[in-house]
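> Below is a structure I'd like to ask you about.
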There are 2 protein chains.
Amino acid sequence: MGRPFDKTQGRPFGFTLCATDGRARLGEFETPHGLVHTPAFMPVGTQGAVKATLHRDLVEIGAEIILGNTYHLFLRPGDELIARRGGLHRFIGWERPMLTDSGGFQVFSLAQRRTITEEGAEFQSHLDGSRHQLTPERAVDIQARLGSDIAMVLDECLAFPATHEDAAESMQRSVRWAARCRARLELLRGTPSPDVMVSNPGQAQFGIVQGGVFSDLRQESADATVAIGFEGYAIGGLSVGEPIDQMYQVVEETTARLPGALPRYLMGAGTPEDLVECVARGIDMFDCVLPTRNARNGQLFTSVGRLNIKNAKYAEDEGPVDPACRCYTCTHHSRAYLRHLYQAGEMTAGALNTLHNLTFYLDTMKRIREAIQLGTFERFRQEFLRSVRLKPDTTNGVSSLSLDS
Amino acid sequence: MGRPFDKTQGRPFGFTLCATDGRARLGEFETPHGLVHTPAFMPVGTQGAVKATLHRDLVEIGAEIILGNTYHLFLRPGDELIARRGGLHRFIGWERPMLTDSGGFQVFSLAQRRTITEEGAEFQSHLDGSRHQLTPERAVDIQARLGSDIAMVLDECLAFPATHEDAAESMQRSVRWAARCRARLELLRGTPSPDVMVSNPGQAQFGIVQGGVFSDLRQESADATVAIGFEGYAIGGLSVGEPIDQMYQVVEETTARLPGALPRYLMGAGTPEDLVECVARGIDMFDCVLPTRNARNGQLFTSVGRLNIKNAKYAEDEGPVDPACRCYTCTHHSRAYLRHLYQAGEMTAGALNTLHNLTFYLDTMKRIREAIQLGTFERFRQEFLRSVRLKPDTTNGVSSLSLDS
């Protein structure tokens, strides 16, 4: 039930734990751009737009917070341009809360010829090959210019699988980087810098727990990161190809080491099942490209499993994607029409499919919150998992890899 | 002020001429799916969707009627499938009026290895090379299955430039095809055919005046087409590369030969200036891919001329695309953001730009209608033309070529 304050400036990042049900938590946090109810899912707006959507559609379907990718925005249109335009919210015309990642994950997965040293990462842009450096301090500065409501520390993203030794070394470097990130933010908060136009003085900063799939490393990372002190904590380095049970186990063990009064964010996950299973293990926030990217590829999430709209069996199917869904797509269009649009390569297919998939994700979070409130989360969880596994057109047992939306 | 009835079945296609101002006409027509106010612009929904839009966006910005392309819908998903699904309106979930072209223009411009005989056109699909035949009768049957509110006769589309002899021969064939189209429609109206599921018994049929840029041929075509008798008349074969003044002259001369009590449709045109100039010459209906296609290419129409959003000078421009516009794009987003989305290749760029361009076109039609109602059309025309030519980022003197949206 804590309401922690940033010790250096007295800035509130108001997380309130409203109810618990088992390890599932119902909460809300305040940001300079409004309230977010948790557990929350954040649609991914990599380049300042959630692909194939208009902002008003996101508001309509209940998106309270979206994510922007620092790597992409840093390269184009540039964090300094965005700062001159008043910050990311004003630049893109989104008035609700936003979280930005540190850019590290994309540097590790998208950039060309990257070299990592203790100082930071050197890399070449995937757009034009231009050379750049991303240090912990720079990641803080860029996000300060973007002015998101929640900034993330720069962490080293380890490939899966990794040895215990490599995972330990990488995790320990991430902890040192986290400390540098926190120091830099506190400096910016205390002393206006002529080099860094701070777009959102109320920006919070989350630390990130790393350590691969090794319990001891995760514990060490959690303890060291919490010792630095952040407004919230994320679990990084999961959903990168490890078996799903291992992911759940790491989540379960890690949340147990994190402060109960602060929000916990599982980065880059996941499937609808992952959302429910990780809420059951104490997670409050999620982001993932699955609903948006899969929508554009014709895969739709429904209350009775996944559906590939390109499947010939839908060619004359007059039913909605999901009879249980109240989104614009499901209340106005048939599977037959959506299949036709997909086959015809119409952009409208991506828009309608995205609207549906995001609605399914956001509605799932709403149902999760209601179940926790009512104390019926465990029953909801069992029913939900049985239902979404009913007729999966395609599934695999491997968790998702997220690069962009 | 006529309210003509189809003589074979007594079906009303209620066109009412409400007011005139010079040669500009204010009217409305009734269809089985509702009323359309004229002069009207029809957004092009080639494959059953106006590219990069949702239907609700079209309704919001005042689209009363959209166009579907028979060639595309015949090839995919197929007119028989659409008929089984209850017709095009029901299949795509659009409840307002629709017009379909005959497919001829696309056969001439898109299909591979086409051969034209008196019987009709043989062609290969641009999608898969499959062989098909499009006769006047088949064009009627396909559109009967689609069930649009207004069907077009099959006409031969002449390339520009053409000799008088070629234009005459082609025009005369189009007249013979028009008569066959009318006979086929009357047969379908009178005798239910087991081969043709008629999706919309109230479908009207428009004839098309051809004849290139030759006044005598246009007159001959108009007279012969009117003699056959249709619910409305279109002017085809313009906006294919001829000088703009020649297009205006053909329009002016042709509308003078058409019945005053029936609607007149200029196919495939045009620029905002074309709309105003051709309303001034007695046109009631337009369709064109310019607003939608150019939107996706970053060209935006405004009250003070065209604007190329990719231009570097907009990188930090906080103003809206058009301060005079009340569309979602202009009231929520800056030129800087739209330029960023375009440069980043975001689908949202196409959606926002399309929403704006179509709003500009539909608002222009609304202003035209208001001016005719008030008897101030000529003043509106002068002011509009001066205004939209103010600072054209790019223009050319050649009319637009329309293939798809």
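The values are calculated or read from the model by the stated rules, or taken from the named source; none is laboratory data. Quick caveat, the model's predicted, so the values are computed rather than measured. FYI the Cβ positions are ideal-geometry reconstructions off the backbone, even for glycines, and counts take in every protein chain you see. Protein only, heavy atoms only, side chains kept; ligands, DNA and RNA dropped before computing areas. Shrake-Rupley method; radii C 1.70, N 1.55, O 1.52, S 1.80 Å.
> Among the residues that make up region B:225-241, is at least one of them open to solvent by 50 Å² or more (accessible area, probe 1.4 Å), modelled with pLDDT of 95 or more and touching a helix residue (DSSP H, G or I) at 6+ places or on another chain (Cβ under 8 Å)? Give the steps one after another, and end with the answer.
Applying the first criterion (open to solvent by 50 Å² or more (accessible area, probe 1.4 Å)) to region B:225-241 yields B:227.
Next, from what is left, pick out any that are modelled with pLDDT of 95 or more: B:227.
Cutting the leftovers down to touching a helix residue (DSSP H, G or I) at 6+ places or on another chain (Cβ under 8 Å) gives us none.
No, every residue in region B:225-241 fails to be open to solvent by 50 Å² or more (accessible area, probe 1.4 Å), modelled with pLDDT of 95 or more and touching a helix residue (DSSP H, G or I) at 6+ places or on another chain (Cβ under 8 Å).
> Please pick out the residue among B:Thr100, B:Thr115 that is farther than 15 Å from B:Gly45 by Cα and touching a strand residue (DSSP E or B) at 6+ places or on another chain (Cβ under 9 Å).
Values: B:Thr100 fails: farther than 15 Å from B:Gly45 by Cα.
From the options B:Thr100, B:Thr115, the qualifying one is B:Thr115.
> OK, next. Only one residue in B:Ala371, B:Ala336, B:Ala315 is within 11 Å of chain A (Cβ to nearest Cβ), of a type in the set (A, V, I, L, M, F, W, C) and surrounded by 17 or more Cβ atoms within 10 Å (Cβ to Cβ). Which one?
On the way: B:Ala371 fails: within 11 Å of chain A (Cβ to nearest Cβ); B:Ala315 fails: surrounded by 17 or more Cβ atoms within 10 Å (Cβ to Cβ).
After applying the criteria, what remains is B:Ala336.
Residues are listed down the side, and each one gets a yes or a no for (1) touching an Asp or Glu at 6+ places or on another chain (Cβ under 9 Å); (2) closer than 22 Å to B:Leu99 by Cβ:
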| position | (1), (2) |
| --- | --- |
| B:Asp141 | yes, yes |
| B:Gly147 | no, yes |
| B:Ile150 | yes, yes |
| B:Phe160 | yes, no |
| B:Ala178 | yes, yes |
| B:Arg184 | yes, yes |
| B:Pro192 | no, no |
| B:Gln205 | yes, yes |
| B:Glu220 | no, no |
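> List pairs: first in region A:118-144 and farther than 15 Å from A:Arg76 by Cβ and outside any strand (DSSP E or B), second of a type in the set (Asp, Glu) and open to solvent by 10 Å² or more (accessible area, probe 1.4 Å), Cβ under 6 Å, 6+ apart or cross-chain?
Taking only residues 6 or more apart or on different chains, the pairs are A:Thr135/A:Glu119.
> Let me ask something additional. Looking at (1) open to solvent by less than 30 Å² (accessible area, probe 1.4 Å); (2) under 23 Å from the mean Cα position of the chain (by Cα), which is the only condition B:Gln124 fails?
The number of the failed condition is (2).
> Then there is this: Would you please list the contacts, defined by Cβ atoms under 6 Å and residues six or more apart or on different chains, that run from a residue in region A:22-34 that is without any contact (Cβ under 8 Å) to a residue 24 or more places away in the chain and part of a strand (DSSP E or B) to a residue that is of a type outside the set (A, V, I, L, M, F, W, C) and open to solvent by less than 20 Å² (accessible area, probe 1.4 Å)?
A:Glu30/A:Gly14
> Hey, another quick one. Could you check, for region B:51-62, whether at least one of its residues is assigned to a strand (DSSP E or B) and away from every other protein chain (no Cβ under 14 Å)? Break it down into steps so the answer makes sense when it comes.
Of the residues in region B:51-62, the ones assigned to a strand (DSSP E or B) are none.
No, the conditions are met nowhere in region B:51-62.
> Right, something else. Which of the residues that make up region B:70-93 are in a loop (DSSP other than H, G, I, E, B) and under 26 Å from A:Leu54 (Cβ atoms)?
Within region B:70-93, the first condition is being in a loop (DSSP other than H, G, I, E, B), and the residues that meet it are B:76-78, B:85-87, B:93.
Hit for region B:70-93 is B:Gly93, nothing else.
> Are any residues in region B:35-50 in a loop (DSSP other than H, G, I, E, B), within 14 Å of another protein chain (Cβ to nearest Cβ) and open to solvent by less than 10 Å² (accessible area, probe 1.4 Å), and if so, which ones? Explain how you work it out, then say what you get.
Here is the first cut: in region B:35-50, the ones in a loop (DSSP other than H, G, I, E, B) are B:39, B:43, B:45-50.
Next cut, within 14 Å of another protein chain (Cβ to nearest Cβ) only: B:43, B:45-50.
Listed by number, the residues that qualify are B:Pro43, B:Gly45, B:Thr46, B:Gly48, B:Ala49, B:Val50.
To keep it simple, each residue is scored yes or no on (1) of a type in the set (Phe, Trp, Tyr); (2) in contact with a helix residue (DSSP H, G or I) (Cβ under 6 Å, 6 or more places away or on another chain); (3) more than 24 Å from B:Ala49 (Cα to Cα).
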residue	(1), (2), (3)
B:Asp274	no, no, yes
B:Glu277	no, yes, yes
B:Asp284	no, no, no
B:Asn294	no, no, no
B:Lys313	no, no, yes
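> Which number in (1) buried (at least 18 other Cβ atoms within 10 Å of the Cβ); (2) part of a helix (DSSP H, G or I) marks the one condition that B:Glu169 misses?
Single failed check for B:Glu169: (1).
> Within region B:269-283, which residues are open to solvent by less than 10 Å² (accessible area, probe 1.4 Å), of a type in the set (A, V, I, L, M), part of a loop (DSSP other than H, G, I, E, B) and out of contact with any Pro (no Cβ under 9 Å at 6 or more places or on another chain)? If you could, list the steps in order and put the result at the bottom.
Here is the first cut: in region B:269-283, the ones open to solvent by less than 10 Å² (accessible area, probe 1.4 Å) are B:269-270, B:272, B:274-276, B:278-279, B:282-283.
The next check asks that each one be of a type in the set (A, V, I, L, M); those that pass are B:269, B:275-276, B:279, B:283.
When the remaining residues are screened for being part of a loop (DSSP other than H, G, I, E, B), the result is B:269, B:283.
Hit for region B:269-283 is B:Ala269, nothing else.
> Does B:Leu158 count as crowded, with 17+ Cβ neighbours inside 10 Å, of a type in the set (A, V, I, L, M), modelled with pLDDT under 95 and out of contact with any strand residue (DSSP E or B) (no Cβ under 9 Å at 6 or more places or on another chain)? Full working, then the answer.
On the way: crowded, with 17+ Cβ neighbours inside 10 Å: yes; of a type in the set (A, V, I, L, M): yes; modelled with pLDDT under 95: yes; out of contact with any strand residue (DSSP E or B) (no Cβ under 9 Å at 6 or more places or on another chain): yes.
So B:Leu158 fits the description; yes.
> Another question about this same structure. State all residues of region A:265-274 that are over 15 Å from A:Gly45 (Cβ atoms) and in contact with a Ser or Thr (Cβ under 6 Å, 6 or more places away or on another chain); if no residue qualifies, say none.
So in region A:265-274, the residues over 15 Å from A:Gly45 (Cβ atoms) come out as A:265-267, A:269-274.
A:Ala269, A:Gly270, A:Pro272 - these are the residues of region A:265-274 that are over 15 Å from A:Gly45 (Cβ atoms) and in contact with a Ser or Thr (Cβ under 6 Å, 6 or more places away or on another chain).
> When you check B:Arg96 against the structure, is it within 14 Å of chain A (Cβ to nearest Cβ) and either touching a Gly at 6+ places or on another chain (Cβ under 7 Å) or in a loop (DSSP other than H, G, I, E, B) (or both), yes or no?
Details: within 14 Å of chain A (Cβ to nearest Cβ): yes; either touching a Gly at 6+ places or on another chain (Cβ under 7 Å) or in a loop (DSSP other than H, G, I, E, B) (or both): yes.
Taking the combined requirement at face value, the residue satisfies it.
> Restricting to region B:96-121, what's the tally of residues that are loosely packed, with under 15 Cβ neighbours inside 10 Å and charged (D, E, K, R)?
Residues flagged as loosely packed, with under 15 Cβ neighbours inside 10 Å and charged (D, E, K, R) within region B:96-121 amount to 3.
Yes/no matrix, rows are residues, columns are (1) among the acidic types (Asp, Glu); (2) open to solvent by 10 Å² or more (accessible area, probe 1.4 Å); (3) under 30 Å from B:Cys18 (Cβ atoms):
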| position | (1), (2), (3) |
| --- | --- |
| B:Ala178 | no, no, yes |
| B:Arg189 | no, yes, yes |
| B:Tyr248 | no, yes, yes |
| B:Glu253 | yes, yes, yes |
| B:Pro263 | no, no, yes |
| B:Met267 | no, yes, yes |
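> State all residues of region B:341-353 that are more than 9 Å from every other protein chain (Cβ to nearest Cβ) and open to solvent by less than 10 Å² (accessible area, probe 1.4 Å); if no residue qualifies, say none.
The initial filter retains those residues of region B:341-353 that are more than 9 Å from every other protein chain (Cβ to nearest Cβ), namely B:342, B:353.
Selection gives B:Asn353 alone.
> Go through region A:354-368 and give me each residue that's within 14 Å of chain B (Cβ to nearest Cβ) and in contact with a Leu (Cβ under 9 Å, 6 or more places away or on another chain). Break it down into steps so the answer makes sense when it comes.
At the first step, the residues of region A:354-368 found to be within 14 Å of chain B (Cβ to nearest Cβ) are A:354-356, A:358-359.
If the condition is that a residue be within 14 Å of chain B (Cβ to nearest Cβ) and in contact with a Leu (Cβ under 9 Å, 6 or more places away or on another chain), then A:Leu355, A:His356, A:Leu358 are the ones that fit.
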